[in-house]
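Following: one structure in structure tokens, then a few remarks.
Each value in this text was obtained by applying a stated rule to the coordinates, not by laboratory testing. Values in this document were obtained by computation on a predicted structure and should not be read as measured data. Note that each Cβ is placed from the backbone with ideal geometry, even for glycine, and that neighbours are counted across all protein chains shown.
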Amino acid sequence: MAQLCVLREDLYLELEGLSEDEIDSLDHNGDNYRSTYFFRNSTRTLFEIRKAVQSLKGQAVFMKLELPPFSGHRLRLTTCAVQIPQG
């Protein structure tokens, strides 16, 4: 679960770097290079998230957890695993 928290922050930073029009300190080679870099890394992070979710789903202890009804964590984890295609 801690790994998912770290990966979420990684993905957040990667998507921010991808969506910014200009980041002077990172755009010395051009913004296209920066965008491509963050896109590649965000894709890699999504596959790591998928792997972590599948690992959690394989743990009976995790699947038996009674999560608070307002959190929706179990639903989001299941949805995430279904939406990321296997590769």
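Details
- The ranking of PHE38, PHE62 from fewest to most other beta carbons within 10 Å of each one's beta carbon is PHE62, PHE38.
- FRET efficiency, ASN32 to GLN3 (Cβ-Cβ, R0 22 Å, nearest 0.05): 0.10
- Computed E for GLU20/LYS51 - FRET, C-beta separation, R0 22 angstrom, nearest 0.05: 0.20
- In segment 1-35, GluC sites (Glu not before Pro) in a DSSP loop with at most 16 other beta-carbon atoms within 10 Å: GLU20, GLU22
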